[in-house]
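Inspection log for the structure reproduced underneath, given as structure tokens.
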Amino acid sequence: MSKGKNRFTVIGAAFAALAAATAIEARAEETFDLDALVEAAKKEKPINVYDSTGKIVEMAEAFTTKYGVKATGVKVSANSQLEMIIREAQAGNVQGDVALITDAPAALAQLLPQGFVESYLPGDMKEKIPAAFQEPLAISTNANVWAYNTEAYDKCPVTNIWELTEAKWKGKIALVDPLTKSTYTDWFNQLEKHADAKVAEAYKTHFGKDLETAEKSAAAAWIKALAQNGPLVTDGDDPVAEAVGAAGQKEPFFGLLSSAKFRDNEGKGYKLGLCTELTPWVGWTYTKLGLIASKSASPNSAKLFIHYVLTEEGIGPQMKDGKLPTNTDIKMPADEPSGIMEVADRLFPYNAATGLEDFDRREEWQDFWRVNYSK
């Protein structure tokens with residue numbers, strides 16, 4: 001876990017900077033009585049929990065079985081979560097009591113300041129969750145990684161991100177459409193703000209000469225070249241996983257996808273392999289928040305679920321997908337299928353210090369991608 005701890009240090013420090021900048025506070029009791037919370041929750045109406053992964057269904061079922069408090073997991077994309085939470089709060093008709101949301105910049109810009117949601121930290125978790133992840137509460141850090149088909153290649157066919165801009169990969173790269181998933185445009189902005197020198201260095205390493213570009217940054221030059229190389233853009237990670245990992249392909253796609261999709265190697269017979277030597281990063285991270293609807297009719301049940309998801313039992317189904325819990329007492333399972341913990345120090349970490357700028361520049365980066373994208 002040493003590499004994972006290093007990631008906590010980097011991501012956590014940056015996340016704390018954003019939390020401080022937006023003056024968000026998490027509520028935590030000085031004393032915490034789990035038994036009393038369970039009893040209070042049993043007197044309330046059932047709750048719904050929003051999350052962008054289907055694993056939330058089994059998590060909610062296990063929670064219900066454990067505590068006798070009814071919870072229903074609902075798979076909802078981060079973008080849809082934002083719209084639903086705002087609409088429900090404004091209408092005074094809360095349906096989603098708990099939101100596990102990966103769009104941290106939007107939550108910090110749109111949900112918390114308006115009082116649509118609250119951040120709650122169970123008192124017995126104060127010593128287990130690094131301070132940087134407490135305000136607002138983050139339950140995990142997630143990753144998107146570059147992958148290849150291990151049946152078609154005996155090793156990763158790409159060693160440098162600039163290779164993806166060359167003619168040999170034209171129309172053979174797959175990724176989620178940056179116009180539909182904001183974490184991708186956040187990543188674009190992060191590259192420009194925090195890693196532009198490394199992108200330029202990677203260019204020189206690959207081509208043997210300094211980058212010359214009319215774009216404002218090396219990151220913008222790479223993003224433009226990638227868009228112009230005609231990648232397959234999809235509406236989610238599942239089509240990317242299939243395009244890259246489906247068995248029996250002679251010329252499979254090379255792709256960028258959630259580390260969670262490596263479970264399809266067993267479930268669907270895919271041949272996904274993690275590109276462990278890709279320069280300068282094998283992938284990038286983002287953060288998932290755990291928030292409670294301020295107008296929930298079942299606040300104790302919602303608090304109980306937040307507590308549950310901070311435990312190994314609660315977050316376990318998502319850990320199998322390579323999602324790293326913020327509770328430092330929890331160890332990653334040895335059978336996590338992607339092998340991401342072995343290269344955790346080679347993931348480009350999300351730096352939340354510019355999270356609000358990431359949010360503000362989303363439309364700009366979408367326009368940049370739209371203008372340059374060609375099939």
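Quick notes
- Inter-residue pairs, beta-carbon under 8 Å, first small (Gly, Ala, Ser) and in segment 45-68, second assigned to a loop (DSSP other than H, G, I, E, B), 6+ apart: Ser52/Val76; Ser52/Ser77; Ser52/Thr102
- When each of Ala132, Ala147 is tested for being open to solvent by less than 10 Å² (accessible area, probe 1.4 Å), of a type outside the set (Val, Ile, Thr) and outside any loop (DSSP other than H, G, I, E, B), the lone residue that passes is Ala147.
- Boolean, Ile86 is within 23 Å of Ala353 (Cβ to Cβ) and touching a Phe, Trp or Tyr at 6+ places or on another chain (Cβ under 9 Å): no
- Residue check for Glu192: more than 22 Å from the chain's Cα centre (by Cα), acidic (Asp, Glu) and modelled with pLDDT of 95 or more: no
- Every condition in (1) surrounded by fewer than 22 Cβ atoms within 10 Å (Cβ to Cβ); (2) under 20 Å from the mean Cα position of the chain (by Cα) is met by Ser119 except one, and the failing one is (1).
- Any pair with Cβ under 8 angstrom, 6 or more apart, that starts in segment 188-205 at a residue that is over 14 Å from Leu164 (Cβ atoms) and ends at one that is modelled with pLDDT under 95 and part of a helix (DSSP H, G or I): Asn189/Thr354; Asn189/Glu357; Asn189/Asp358; Gln190/Thr354; Gln190/Asp358; Lys193/Thr354; Lys193/Glu357; His194/Thr354
- Checked against the criteria, Met341 does not count as within 27 Å of Val57 (Cβ to Cβ) and outside any helix (DSSP H, G or I).
- Flag if Asp238 is of a type in the set (Asp, Glu), in contact (Cβ under 8 Å) with a residue 12 or more places away in the chain, assigned to a helix (DSSP H, G or I) and more than 18 Å from Arg362 (Cα to Cα): yes
- The lone criterion from (1) open to solvent by 30 Å² or more (accessible area, probe 1.4 Å); (2) part of a loop (DSSP other than H, G, I, E, B) left unmet by Asn327 is number (1).
- Segment 282-310: number of residues that are open to solvent by less than 30 Å² (accessible area, probe 1.4 Å) and either outside any strand (DSSP E or B) or free of Cβ contacts under 8 Å to residues at least 60 places away in the same chain (or both): 12
- Annotation note: of Glu251, Glu266, the sole residue that is in contact (Cβ under 8 Å) with a residue 24 or more places away in the chain, acidic (Asp, Glu) and part of a loop (DSSP other than H, G, I, E, B) is Glu251.
- Among the residues listed as Leu164, Leu121, the single one being modelled with pLDDT of 95 or more, touching a strand residue (DSSP E or B) at 6+ places or on another chain (Cβ under 6 Å) and over 28 Å from Val38 (Cα atoms): Leu164
- Exactly one residue out of Ala138, Ala106, Ala89 is surrounded by 16 or more Cβ atoms within 10 Å (Cβ to Cβ) and either assigned to a strand (DSSP E or B) or touching a Pro at 6+ places or on another chain (Cβ under 9 Å) (or both), and it is Ala138.
- Residue that is nearest to Ser258 (Cα to Cα) [pool: residues in segment 44-75 that are of a type in the set (Phe, Trp, Tyr) and assigned to a helix (DSSP H, G or I)]: Phe63
The values are calculated or read from the model by the stated rules, or taken from the named source; none is laboratory data. These numbers come from a predicted model, not from an experiment. Glycine also receives a Cβ, built like all others from the backbone with ideal geometry; neighbour counts cover every protein chain displayed. Remember, those area values only see protein heavy atoms, side chains included, never the ligands or the DNA or RNA. Shrake-Rupley method; radii C 1.70, N 1.55, O 1.52, S 1.80 Å.
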